[in-house]
Amino acid sequence: MEQFLKEIILEAGQMTLDFRARLDKLAVRRKMDKDLVSEADVAVEDFLVSRIQKRYPDHAIFGEESGQHTGGQYRWIIDPIDGTTSFVHGQPYYSISIALEQAQNTILAAVNAPALGELYTARLGHGAFVNGSPIHVSPRSRLSDSVMATGFACIRRHSGFTNLPIFNRMTPILRDVRRYGSAAVDLCYTACGRLEGFWEMDLKIYDVAAGALILHEAGGRCTDFSGGSARLYNEVLGTNGHIHTEAMGVIAGVIEGIDKKNKAP
Ligand code: IPD
Ligand code: CA
Ligand code: CA
């Protein structure tokens, strides 16, 4: 299945590059006021779903744009373009993200960033790779030495509590912050040591599942803001492992402060 996954995600990547060559003609619509979907997202997901259904007709599929396709114990989780805003604006930080679950455990993952020429892959228990070369998280162990990425899905989804207070608290502590525009790329950049971590709220399984396995297999951690998995995807903290506790402490301090303020008479 790993070879099949690499084959279809590379072909999907080439599809995005073909669309990218004629962005001026790309049909784009709003799912929500800041949430875009393009004809490329739909075409890529249709391609991936059809290839998977042809090869593995009894597998389930969950795609961001086409939803649930029922099946057995295996489930393919697809984000056809993670970072549609980046893609539509001609920026390279976008990816195709595919995870394969067996009995709800992610066993195989691939994140293809075609405009960056990078294919990240991982198989549970067998390490993480970029273009076939092994990758590992960075050794940096202090937030003050770290660069982290984040995103603001919470603003797009008009969530009550947004990431902005955490961003305002975390940024002066960190060496620097990045906002690339693809959660999957952010997790892979953490896996290969270009970032020490990534945090975001209000994500979905298809944004995170593949990048989380790649990060885990590269020696990192991906949890909710409390270090568990109960609130995963609504809360995502992916790090090199070394800064995880310190990062959780900063986030907890912000949330406690807001809770106290809200409860004050
Ligand atoms: C988005 C990207 C972005 C993140 C958003 C996601 P999409 O995925 O991952 O970096 O900040 O929250 O929704 O919508 O382009 O597939
Ligand atoms: Ca996404
Ligand atoms: Ca998407």
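Is at least one residue of the stretch 71-93 more than 16 Å from ligand 2 (Cβ to nearest atom), in the same structural domain as GLY127 (by TED's automatic domain parsing) and among the hydroxyl-bearing types (Ser, Thr, Tyr)?
yes
Just one of ILE52, ILE96 is assigned to a strand (DSSP E or B) and either within 16 Å of ligand 3 (Cβ to nearest atom) or of a type outside the set (Lys, Arg) (or both); which is it?
Of ILE52, ILE96, the one residue that is assigned to a strand (DSSP E or B) and either within 16 Å of ligand 3 (Cβ to nearest atom) or of a type outside the set (Lys, Arg) (or both) is ILE96.
Condition test on ILE81, is it touching a residue at least 60 places away in the same chain (Cβ under 8 Å) and under 25 Å from SER229 (Cα atoms)?
yes
Answer with yes or no whether ALA184 is outside the structural domain of ASP18 (by TED's automatic domain parsing), of a type outside the set (S, T, N, Q) and out of contact with any Ser or Thr (no Cβ under 8 Å at 6 or more places or on another chain).
no
Name the residues in the stretch 188-222 that are out of contact with any Cys (no Cβ under 7 Å at 6 or more places or on another chain), part of a loop (DSSP other than H, G, I, E, B) and surrounded by fewer than 24 Cβ atoms within 10 Å (Cβ to Cβ), would you?
Correct list: CYS192, GLY193, ARG194, LEU203, LYS204, GLY219.
Considering only residues of the stretch 48-60 that are surrounded by fewer than 23 Cβ atoms within 10 Å (Cβ to Cβ) and closer than 16 Å to TYR206 by Cβ, which is nearest to ligand 1 (Cβ to nearest atom)?
VAL49
Please count how many residues of the stretch 69-92 are within 12 Å of ligand 1 (Cβ to nearest atom) and in a strand (DSSP E or B).
5
For the stretch 242-265, how many residues are basic (Lys, Arg) and either touching a residue at least 60 places away in the same chain (Cβ under 8 Å) or in contact with a Cys (Cβ under 7 Å, 6 or more places away or on another chain) (or both)?
Summing the residues that are basic (Lys, Arg) and either touching a residue at least 60 places away in the same chain (Cβ under 8 Å) or in contact with a Cys (Cβ under 7 Å, 6 or more places away or on another chain) (or both) in the stretch 242-265 gives 0.
Filtering the stretch 153-166 down to residues that are more than 16 Å from ASP224 (Cα to Cα) and at pLDDT 80 or above, which residue is surrounded by the fewest Cβ atoms within 10 Å (Cβ to Cβ)?
Among those that are more than 16 Å from ASP224 (Cα to Cα) and at pLDDT 80 or above, it is LEU164.
How about the stretch 133-155: which of its residues are within 16 Å of ligand 2 (Cβ to nearest atom) and aliphatic (A, V, I, L, M)?
ALA149, ALA153, ILE155
The values are calculated or read from the model by the stated rules, or taken from the named source; none is laboratory data. Here the structure is a predicted model, which means the values were calculated and not measured. Please note: Cβ atoms are built from the backbone with ideal geometry, for glycine as well, and neighbour counts cover all protein chains shown.
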